[in-house]
Amino acid sequence: MAKILLVDDEPSILSVLSVLLKAEGYDVVSADGGEKAADLIKSTSFDLMISDIRMHPIDGMTLLKMAREQRPAMSVLMITGYGSIETAVEALKLGAFDYITKPFKVDELLITVQRALDYNKALSENVDLKAQLTGRYKFENIIAESPAMRQVCEMVERVAPTDTTVLVYGESGTGKDLVAKAIHAYSNRKDKKFFPLNCAALPEPLFESELFGHMKGSFTGASTDKEGLFEAADGGTIFLDEIGSMPLSVQAKFLRVLQDKEIRRVGGNENISVDVRVLAATNSRLEDLIEKGVLREDLYYRLSVISIEVKPLRERQEDILPLVYHFLRQEIKGERELPSIEPGVLRVLEEYSWPGNVRELESAIKYVLTFAKDNVITKDCLPAKTMQAVKAGGIAASARYDDDIRGKSLRAFLRAKEQEHLEQVLKHLGGDKQKAAKELRISLATLYRKLPEPKD
Ligand SMILES: Nc1ncnc2c1ncn2[C@@H]1O[C@H](COP(=O)(O)OP(=O)(O)OP(=O)(O)O)[C@@H](O)[C@H]1O
Ligand SMILES: [Mg+2]
């Protein structure tokens, strides 16, 4: 149960608010002035403080400063009368979460309180996350909160010390490189080299010589003897990314190397023993590659004995927020405080479908940090693509495209979505049309025009 400290020197307000919040199930402690509140802040931990601004001798602003210093994890809401907006803005600058204007609108008040508590929860989860980080993740740089990702880590742990070939597969940006590096880092070969090679980036004529080396004069341009990747990586690990792009002509030879642990340079007639572990990755299903005739079936069987699937990010939502904080910390490098994130933004990040997976999330965090003002991340900081998906679909629908939307004209679709959005905003603001118009950045008249006719 959330614990709220209520501060006002006007007993009537204190009792009204207290009754209201207790009815909502909150644990409420009342303080009839700044001094009492200051004592309570020192001795007790609260999730939220709601304080009047105008009080004597200790006023709300002084209390706010005190609270920010002593209890940075506690959210603060200020109560202000109409006409004192400047003081309210000042309070926001000092770290208050929001302000409530007198006279209260009950719905609005309760929504603001809930938002402040959600925010507070998001923040404290982040603090918890930091505390747990060292023990929680087996591999310090792999965030694995979802069951799917934890399973990946378990597999990594199990296969790392063996010398087996492992195939990592998953959509682009899901973390295949990271998994391959972890397998190497936790293997007995960790002190030897890790050689990544992107098969899609290598022109076919050079492929064989790149992997196995060549002898002087074996083809035009081979002016000296040259060792290939397998010899260079002796004792270590080779990571063949986009294995599906390996030319068919090389695949048979590659398979033999996997079996015999021997290579022969292009133009050479001597077999050279190599001790190399091979890891491979692909983002297309190998079965499809066989069907297309670009992958040999025998190589497929050899590669897929042990395979690790990294699921798309949209199928492991539990990883999203931990990843958000992971990338924030990574970007900030301990040079300044972590920014605070509005709860609405966290929701957007969690519900967006992330077609570019973790890589897209990583860039979104870099983007967001560039646009954060006063170390606060608001919806305005999000990349346009994310916001568009959110606006077009209503957050949760960005990935789902339900049947009843198909077949509608674009105009009808946009109109329906607009209605949905208007209703949500209005609900969120307790039906206050003036505020809704402001938040939507349209005139009040336009808002009325867009609202459905009241039914009587
Ligand atoms: N679980 C995770 N924890 C922390 N960082 C992650 C995680 N998964 C991915 N990343 C980061 O996301 C980025 C993209 O991951 P990575 O390069 O491993 O993806 P990939 O699947 O190899 O992509 P591609 O198919 O395009 O090669 C990297 O910066 C990586 O460090
Ligand atoms: Mg990769």
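Note down the magnitude of the dipole of segment 316-400 about its Cα centre, charges +1 on Lys and Arg C-beta and -1 on Asp and Glu C-beta and zero elsewhere, to the nearest 20 debye.
220
Look at where the Cα atoms of segment 57-80 and of segment 349-382 average out, and the two centres are 30 Å apart.
Here K253 is the anchor, and the lysines within straight C-alpha reach of less than 21 Å, apart from those fewer than 8 places off in the same chain, are K216, K226, K261, K292.
Here segment 178-231 and segment 277-298 have alpha carbon centers that stand 19 Å from each other.
Percent of Cα pairs in the chain per distance bin of 20 Å, from zero to the largest separation: 20, 39, 26, 13, 2. Taking every Cα-Cα distance in segment 190-274 and sorting them into 5 Å bins from zero, the calculated P(r) comes out as 3, 15, 25, 27, 20, 9, 1, 0 percent.
Normalised per residue, the accessible area of the chain is 53 Å², obtained with a 1.4 Å probe and no contribution from ligands, DNA or RNA. What the pair-distance distribution of segment 3-134 shows, using all Cα-Cα distances binned every 10 Å from zero, is 13, 47, 33, 6, 1 percent.
Pairs K176/K417; K181/K333; K93/K385; K333/K379; K22/K102: which exceed 28 Å Cα-Cα? Intermediate values should be presented prior to the final figure.
Values: K176/K417 37 Å; K181/K333 22 Å; K93/K385 30 Å; K333/K379 23 Å; K22/K102 20 Å.
The pairs that break the limit, which is 28 Å between Cα atoms, are K176/K417; K93/K385.
Listed by chain and number, the aspartates and glutamates whose C-alpha is less than 18 Å from the C-alpha of K192, apart from same-chain residues fewer than 8 away, are D163, D177, E227, E231, D234, D275.
The Cα atoms of segment 136-211 cover 46, 28, 19 Å along the three principal axes, with the biggest extent listed first.
Based on alpha carbons, the Rg and Dmax found for segment 15-56 are 10.8, 30 Å.
A simple spin-label model places pseudo-atoms 7 Å from Cα toward Cβ; at L206 and D107 they are separated by 6.6 nm.
Working from label points 7 Å from Cα in the Cα-to-Cβ sense, the S172 to R285 distance is 2.0 nm.
In Å, what Kirkwood hydrodynamic radius results for segment 147-309 from the alpha-carbon pair distances? Can you show the working numbers first?
Numbers: mean 1/r = 0.0617 Å⁻¹.
Answer for segment 147-309: a Kirkwood hydrodynamic radius of 16.2 Å.
Would you mind calculating the gained length between E69 and Q419 on full extension (0.36 nm times residue separation, minus the Cα-Cα distance), in nm to one decimal?
Extending this stretch completely gives an extra 121.7 nm.
The values are calculated or read from the model by the stated rules, or taken from the named source; none is laboratory data. What you see is a predicted model; the values in this text were computed from it and never measured. Every residue, glycine as well, gets a Cβ built from its backbone with ideal geometry; the counts of neighbours run over all protein chains shown. Each accessible area value is taken on the protein alone, full model and side chains, heavy atoms only, with ligands, DNA and RNA left out. Shrake-Rupley method; radii C 1.70, N 1.55, O 1.52, S 1.80 Å.
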